[in-house]
Amino acid sequence: MSRSTPQGEPHDWVTRAADDAIRHHEKTGASGPVTCSSGISPSGPIHLGNLREFLMPHFVADELRRRGVPVRHLHVWDDYDRFRKVPAGVDPSYAEHIGRPYTAVPDPWGCHSTWSDHYKEPIVSALHTLGVDMEEISQTERYRSGVYRDEVLRAVRHRHEIDKVLSRYRTKEPIPAAADETGDHAAQEAEAMAESVANDDEGESGAGTTDVGYFPFKPYCRDCGRDTTTVTAYDEETTDLAYTCSVCDYHGTTNLATQDEGKLVWKVDWPMRWAFEHVDFEPAGMDHATPGSSFTVGHELVESVWDYPRPAWFGYGFVGFAGVQKMSSSAGGAPTAEDALRVLEPGILRWLYVRRQPKQTFDIDFGPEVVRLYDEWDALARKATAKRDVQVLAYERAAATETAGRLPTPEVVVPFRILSSVADVTAGSAEQISRLINTMGHPHDSVEQLEPRLSRAMAWTEEFVPASERTTVRTEPDAAAIEALSSQEREWLSLLLQGLQGELELGRVTSLVYGVPKLARGMSLDEAPTDEVKADQKEFFRLLYHLLVDAERGPRLPTLMVALGSERVRALLGA
Ligand SMILES: [Zn+2]
C-alpha cells in the first residue's frame with residue numbers, strides 16, 4: 001500500500017485533498033477506513049450544482065482506493081430535517097406537513113413512499129451511472145435507532161459551552177433570500193441564521209432557545225410529528241425533557257437516554273456527525289466558508305465538545321447552467337444529473353467536475369458548446385495514451401473509477417458533431433443513422449458500438465438544437481422554382497442527376513457535388529477549382545439547399561444527400 005503519490009507523477013487538487021484526508025486520519029488515530037463525506041437534504045430536486053457535493057468526496061475517495069488505502073465515501077442524507085416550505089407546483093394543503101421530517105412527508109406525486117425517497121431516487125440512480133460508489137446513511141434511521149443517544153447527551157451536557165461559541169457569531173444579518181430555493185445545507189444555514197436572529201430578538205420559539213435557555217436538541221412532537229416544539233424543562237439527573245407543541249398544543253415528556261424522538265439542531269448535528277462517523281474529509285459549498293456559518297462553528301464545536309480534530313476540507317464554487325431554456329428538465333427547474341446524462345457520456349459529466357479547481361465556478365452549457373466539449377474530450381482521450389500530465393490525470397479520473405472500472409464509452413468513437421448532424425438530417429432511427437455513419441468513414445458492425453454516444457447525440461439534437469437551426473427536408477419538390485431554373489442551373493442539375501443513382505456512397509457524392517460546376521466548364525472532377533468554379537459552386541450549393549431543405553444553408557450537402565437517399569433527392573430535384 002502506497003499512501004502517497006510517487007515523485008514525478010502529476011498532482012492535482014484530488015491528490016492534495018487525498019493527502020490531507022490521510023493526514024487527518026493519522027491525527028485521529030482511528031483504526032477504520034479513511035472517511036470522505038458528503039451530505040444533503042432530499043428537500044427538492046438535486047441539481048447539477050448539488051452534484052458537486054457528491055463528486056468532490058467521490059474523487060478523493062477514488063484516489064485513495066487507487067493508492068490501496070482503505071476508504072469509504074460516506075453519504076449522509078439529512079432526511080430528518082424539517083420540511084420547511086411548500087414549493088410551487090405542490091398542493092398548498094402540504095403546508096400541513098411543515099415542520100415534519102422529509103421522511104414523514106408523503107410523496108405529492110405518489111410514485112414513492114415519501115418526499116425524501118422521491119428526491120433521493122433519481123440522483124442515486126444517476127450517481128450509479130456515474131460510477132460513484134458510496135455508503136449511504138439516513139439521519140432519520142440514525143436518530144430513530146438511538147445510535148446518536150450518547151452524542152445527544154454529550155451535546156446537552158455541553159450546552160452552555162455551545163451557546164457561548166454560537167453567541168460569539170450571533171448577528172442580525174439579513175437572511176439571504178436565495179437560500180430558500182436551495183435544497184441543501186445552505187437552506188438550513190439560512191434557517192439557522194433566522195433562528196439565531198429570533199434568539200436575540202425574542203428569546204423564544206427558535207430552535208435552540210427554550211424556557212430553560214439555549215438547548216441544542218429539538219423534539220419532534222409525539223402527537224403531530226412537527227418540530228414546532230419548545231423545551232419547557234430539562235432534568236439533568238433523569239434526562240427527562242418536557243416540551244410543548246405550539247401547533248397542536250401537546251404537552252409531553254421525552255427521555256434523552258431511552259427515547260429517540262428528536263434531533264440536534266443543525267449547527268450541532270454537523271460536528272456531532274463528523275466525530276461520531278469519524279469523518280476525515282468533507283468539503284463544503286463556498287457559502288459555508290464564512291464566519292459564523294454552521295461549517296466554521298462546527299469546526300470549533302467538534303474540537304471543543306467532541307475532542308475530535310476538524311475534518312480536512314475545502315470550499316467549492318457554484319455550478320451554473322447555460323442553454324437550458326430549451327431543456328425539459330425532469331425536475332422542472334435547474335437541470336439535474338439525470339438531465340445532463342441524457343446528452344453527456346458519464347465520463348464527460350465527471351470530467352466537467354474534476355478538471356477544475358474546486359474553488360472555480362463554472363457553467364454547464366447544453367447548447368452548441370456540447371459539440372465542442374465532445375471534441376475536446378476525444379482529443380484528450382487520444383493524448384492520454386501519449387503523455388501523462390495534469391490534464392490526462394483529470395481524464396483518467398473522469399473515465400474510470402477503481403470500483404466501477406471504465407465507464408461506458410463507445411467502442412467506435414464517432415465525433416459527436418457527425419452523429420448529431422446525421423441525426424438532424426435523417427430525423428431517423430438509430431439503425432438508419434448507424435447505416436449512414438458506416439458509409440462516412442466510420443465502419444462498425446452494430447448500433448451498440450456507437451453507444452452510449454449515439455442516443456445522446458439523438459437526444460441533444462432533438463431537445464437542444466433550436467428549431468430554427470434544425471434541418472427540415474422538403475416533403476414535395478418546389479415545382480415553381482424548378483420551372484423557373486436558368487439554363488445554367490438545369491445543366492448543373494442534369495450533370496448531378498446522372499451521377500446520383502442507386503446506393504449513394506459519401507466519397508463519390510462528395511466529389512460529384514463539388515465537381516458538377518467543373519464538369520459544366522469542361523474540366524474533370526479531380527481538377528483544382530478555379531475562381532470561376534468556386535463562384536459556381538457557391539451558387540450551385542445555394543440552389544441545392546433551396547430545393548432540398550428550403551433554406552440558404554444547412555448540413556454538408558453530401559451528408560444530406562446520402563442521408564436522404566438517391567430516390568428522394570432525385571424527386572426533390574425534379575428528376
Ligand atoms: Zn404537535
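The values are calculated or read from the model by the stated rules, or taken from the named source; none is laboratory data. Given the structure is predicted, the values throughout are model-derived calculations rather than measurements. We place every Cβ from the backbone using ideal geometry, glycine too, and count neighbours over all the protein chains shown. Accessible surface areas use protein heavy atoms only, side chains included; no ligands, DNA or RNA. Shrake-Rupley method; radii C 1.70, N 1.55, O 1.52, S 1.80 Å.
General observations
- Test: ARG356 is in a helix (DSSP H, G or I), closer than 19 Å to CYS36 by Cβ and of a type in the set (D, E, K, R): no
- One residue stands out in the range 76-85 among those that are in contact with a Gly (Cβ under 7 Å, 6 or more places away or on another chain) and not in a loop (DSSP other than H, G, I, E, B): the one that is most open to solvent (accessible area, probe 1.4 Å), namely ARG82.
- Taking residues in the range 530-542 that are farther than 11 Å from GLY515 by Cα, and partners anywhere that are surrounded by 14 or more Cβ atoms within 10 Å (Cβ to Cβ) and modelled with pLDDT under 95, the pairs with Cβ atoms closer than 7 Å and at least 6 places apart or on different chains are PHE541/LEU557.
- Residue within the range 278-295 that is within 16 Å of the ligand (Cβ to nearest atom) and either modelled with pLDDT of 95 or more or of a type in the set (D, E, K, R) (or both) present: no
- Qualifying positions in the range 458-474 - in a loop (DSSP other than H, G, I, E, B) and open to solvent by less than 50 Å² (accessible area, probe 1.4 Å): VAL465, PRO466, THR471, VAL473, ARG474
- Extreme residue, modelled with the lowest pLDDT, among residues of the range 497-523 that are part of a loop (DSSP other than H, G, I, E, B) and crowded, with 17+ Cβ neighbours inside 10 Å: LEU504
- Residue pairs whose Cβ atoms lie under 8 Å apart, sitting 6 or more positions apart in sequence or on different chains, and linking a residue in the range 242-263 that is touching a residue at least 12 places away in the same chain (Cβ under 8 Å) and over 20 Å from GLY213 (Cα atoms) to a partner that is outside any loop (DSSP other than H, G, I, E, B) and among the hydrophobic types (A, V, I, L, M, F, W, C), are ALA257/LEU153.
- ALA88 under 30 Å from ASP227 (Cβ atoms), part of a helix (DSSP H, G or I) and more than 21 Å from the chain's Cα centre (by Cα): no
- Which listed residue is within 25 Å of the chain's Cα centre (by Cα), open to solvent by 20 Å² or more (accessible area, probe 1.4 Å) and not small (Gly, Ala, Ser), from PRO477, PRO443, PRO408: PRO408
- All positions within the range 212-257 that are acidic (Asp, Glu) and either more than 14 Å from the ligand (Cβ to nearest atom) or under 42 Å from the mean Cα position of the chain (by Cα) (or both): ASP223, ASP227, ASP235, GLU236, GLU237, ASP240
- One residue stands out among those in the range 91-133 that are farther than 30 Å from VAL60 by Cβ and among the small types (Gly, Ala, Ser): the one that is most open to solvent (accessible area, probe 1.4 Å), which is SER113.
- Single unsatisfied condition, GLY44 versus (1) over 30 Å from SER246 (Cβ atoms); (2) open to solvent by less than 20 Å² (accessible area, probe 1.4 Å); (3) assigned to a loop (DSSP other than H, G, I, E, B): (1)
- Qualifying residue in the range 95-108 (condition: free of Cβ contacts under 8 Å to residues at least 60 places away in the same chain and within 30 Å of VAL343 (Cβ to Cβ)): yes
- Residue list for the range 483-496, restricted to those being open to solvent by less than 30 Å² (accessible area, probe 1.4 Å), assigned to a helix (DSSP H, G or I) and out of contact with any helix residue (DSSP H, G or I) (no Cβ under 6 Å at 6 or more places or on another chain): LEU493
- Residue within the range 363-385 that is modelled with pLDDT of 95 or more, open to solvent by less than 20 Å² (accessible area, probe 1.4 Å) and either of a type in the set (Lys, Arg) or farther than 25 Å from TRP460 by Cα (or both) present: no
- Among the conditions (1) open to solvent by less than 70 Å² (accessible area, probe 1.4 Å); (2) not hydrophobic (A, V, I, L, M, F, W, C); (3) not in a helix (DSSP H, G or I), the only one that ASP526 does not satisfy is (1).
- Against the list (1) over 25 Å from SER511 (Cα atoms); (2) of a type outside the set (A, V, I, L, M, F, W, C); (3) assigned to a loop (DSSP other than H, G, I, E, B), the condition SER455 fails is (3).
- Within the span defined as the range 57-73, one or more residues are open to solvent by less than 10 Å² (accessible area, probe 1.4 Å), in contact with a helix residue (DSSP H, G or I) (Cβ under 8 Å, 6 or more places away or on another chain), closer than 30 Å to LEU341 by Cα and in a strand (DSSP E or B).
Here's the yes/no breakdown for (1) more than 22 Å from ARG149 (Cβ to Cβ); (2) touching a helix residue (DSSP H, G or I) at 6+ places or on another chain (Cβ under 9 Å); (3) modelled with pLDDT under 95:
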| residue | (1), (2), (3) |
| --- | --- |
| MET193 | yes, yes, yes |
| SER196 | yes, yes, yes |
| ASP201 | yes, no, yes |
| CYS221 | no, no, no |
| THR229 | no, no, no |
| VAL247 | yes, no, no |
| ASP260 | no, yes, no |
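- Candidate set from the range 539-553 (those that are surrounded by fewer than 20 Cβ atoms within 10 Å (Cβ to Cβ) and not aromatic (Phe, Trp, Tyr)); member that is farthest from PRO477 (Cα to Cα): GLU539
- Pairs, first at pLDDT below 80 in the range 1-18, second exposed (fewer than 15 other Cβ atoms within 10 Å of the Cβ), C-beta under 9 Å, six or more apart: MET1/GLY68; MET1/PRO70; SER2/GLY68; ARG3/GLY68; THR5/HIS11
- Residue within the range 321-328 that is over 27 Å from GLU26 (Cα atoms), within 16 Å of the ligand (Cβ to nearest atom), of a type outside the set (A, V, I, L, M, F, W, C) and open to solvent by less than 30 Å² (accessible area, probe 1.4 Å) present: no
- Pairs, first farther than 19 Å from ARG470 by Cα in the range 560-575, second of a type in the set (Gly, Ala, Ser) and in a helix (DSSP H, G or I), C-beta under 8 Å, six or more apart: GLY574/ALA479
- Scanning the range 91-109 for residues that are in a helix (DSSP H, G or I) and not charged (D, E, K, R) returns PRO92, SER93, TYR94, ALA95, HIS97, TYR102, THR103, ALA104.
- Hits in the range 231-273 - residues which are among the polar types (S, T, N, Q), within 25 Å of ASP78 (Cβ to Cβ) and open to solvent by 30 Å² or more (accessible area, probe 1.4 Å): SER246, THR258, GLN259
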